[in-house]
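The values are calculated or read from the model by the stated rules, or taken from the named source; none is laboratory data. Quick caveat, the model's predicted, so the values are computed rather than measured. Here the Cβ is made from the backbone with ideal geometry for all residues, glycine too, and neighbour counts use every protein chain on show. Ligands, DNA and RNA are excluded from the accessible area calculation, which covers all protein heavy atoms including side chains. Shrake-Rupley method; radii C 1.70, N 1.55, O 1.52, S 1.80 Å.
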Amino acid sequence: VDYNFVKNILKVEPTSFNLNTLAIYGNGGGMVPELNSVARPDDLIENPTMVVDNNGNNKMDDGDYLLFYGQMPDAWKFNATTQVFTHEKNLYTDQTYYFLTTDAGTGKRVAPSYSDASPNKTITDFDEHAYHESDEVNLIATGKRWLGNKMSSFDNSKDFSLNFPNLITSVPVKFTSRVAAATTYGSNTAVKINGQSVFTHSVGGIPSSTYPQASIPGQLSTNYNANSSQLNINYTFSPNADPAGTAAVYVDWFEIFLKRSLTMAGDAMPFRSVASIGAGSV
């Protein structure tokens, strides 16, 4: 939150308030728990921030700014037992909201934290994760199952491109994919990364004699040896038969897990390392 943002976006004169009173409130990302027995905040939470006041006059001049950690509406969950990350799509919103105030007293600031021991472990890489999930259609117009990236006999291919600077190619990339096929005769959906086949989703047909399921899911995982930081992912749909021209498959979602060198890329770079957990002084 810098001088120009306050002046031009918020329409507040930056020098009209004391920097000590600048504060951010917000409850982060992810969905509110469905069970009312799960604890959740009943009001806005103040977020700790860091203020950069270049000339120390306690006013927001050009070049001064406030930093805070903002979260996206979707969430990543970490299972400490299996050491695995999984993404959680927010079904209800594509945005998170934070509230800025200058009149609620002294703002909460990030406190310095110092190591109390000499380091005995050095982390030089980190665990990167990414996902794609596009919620475009609910086939039976009920429930929480949304799908996207439809392929049919007439438009049978979808491409996705992701780039991971400083990807460590000596460590296999884990790729997990989930599709949902809406066919009567069954289908195959081949998945390639950078032109190399990784697996094929073979999903059976929906029996015409049963209540329509709308789609049948199929999920696969594999380890893939990447040779570049650019990953080009292709899905190609092949129905076993499609006499009515209605067969379709959807990319429900895919997840990618890989290792990147702990080297700065871009202006901001979030990172996390499972290897640093409980490892002593890192």
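For the chain, carbon and sulfur atoms together expose 51% of the accessible surface, with a 1.4 angstrom probe and every protein chain in place. Accessible area per residue for the chain, computed on protein heavy atoms with a 1.4 Å probe, is 58 Å². When +1 charges are put on Lys and Arg Cβ atoms and -1 charges on Asp and Glu Cβ atoms, the dipole computed for region 62-219 relative to its Cα centre reaches about 620 debye. The largest accessible area among 81, 49, 86, 222 belongs to the first residue in 81, 86, 222, 49, and the rest follow in falling order (1.4 Å probe, all chains). Converting phi to 3J(HN,Hα) with the Karplus coefficients 6.51, -1.76 and 1.60 and the offset θ = phi - 60°, region 95-100 yields 9, 10, 10, 10, 10, 9 Hz in sequence order, with x at every glycine or proline. Straight Cα distances below 15 angstrom link residue 108 to the aspartates and glutamates 46, with same-chain residues fewer than 8 positions distant left out. Structure remark: mean-square fluctuation, Gaussian network model of the chain, C-alpha springs under 10 Å; the largest value among 112, 41, 207 belongs to 112.
Along region 134-148 the Karplus relation, 6.51 cos²θ - 1.76 cosθ + 1.60 evaluated at θ = phi - 60°, assigns HN-Hα couplings of 10, 8, 10, 8, 10, 5, 10, 6, 6, x, 9, 8, 10, 10, x Hz to successive residues, with x for each Gly and Pro. Across region 157-182, the residues whose backbone nitrogen lies under 13 Å from the label position 7 Å along the beta-carbon direction of residue 137 are 180-182. Within a Cβ distance under 11 Å of residue 221, other residues only, what is the Lys/Arg minus Asp/Glu net charge? With Lys, Arg at +1 and Asp, Glu at -1, the net is +1. Taking all protein chains together, 133, 13, 34 sort by accessible area into 34, 13, 133, largest first [probe 1.4 Å].
Its Cα centre serving as origin, the chain has a Cβ charge dipole (Lys and Arg +1, Asp and Glu -1) of approximately 760 debye. Using a Gaussian network model of the chain in which every pair of alpha carbons under 10 angstrom is joined by a spring, one finds that among 176, 15, 82 the greatest mean-square fluctuation is at 82. Given +1 at the Cβ of Lys and Arg, -1 at the Cβ of Asp and Glu and no other charges, the dipole of region 88-170 around its Cα centre is 200 debye to the nearest 20. Amide H to amide H, with H built 1.01 Å from N, residue 127 comes under 5 Å of 272, 273, 274, counting only residues 5 or more places away or on other chains. The 1.4 Å probe gives accessible areas that order 101, 122, largest first, as 122, 101. Measuring r between the beta carbons of residue 157 and residue 108 and using R0 = 51 Å, the FRET efficiency lands at 0.50.
FRET efficiency for the residue 225 to residue 261 pair, using the beta carbon distance and R₀ = 22 Å, is estimated at 0.80.
Averaging the Cα positions of each part gives two centres, and for region 100-116 and region 150-215 these lie 46 Å apart.
Comparing 61, 267, 125 in a Gaussian network model of the chain where C-alpha atoms under 10 Å apart are linked, the largest mean-square fluctuation is found at 267. Here residue 82 and residue 52 are evaluated by their C-beta separation; at R0 = 41 Å the FRET efficiency comes out at 0.55. Here the Karplus curve 6.51 cos²θ - 1.76 cosθ + 1.60, taken at θ = phi - 60°, turns the phi angles of region 59-74 into couplings of 10, 7, 9, 4, x, 7, 6, 10, 10, 8, 8, x, 10, 6, x, 7 Hz, with x standing for Gly and Pro. Ligands, DNA and RNA aside, residue 113 has an accessible area near 110 Å² when probed at 1.4 Å. Around the amide H of residue 185, modelled in the peptide plane, lie the amide H atoms of 206, 241, all under 5 Å away and 5 or more residues distant in sequence or on another chain. For the set 121/158; 7/259; 158/259; 89/121; 121/174, the pairs lying more than 31 angstrom apart at their alpha carbons are 121/158; 7/259; 89/121.
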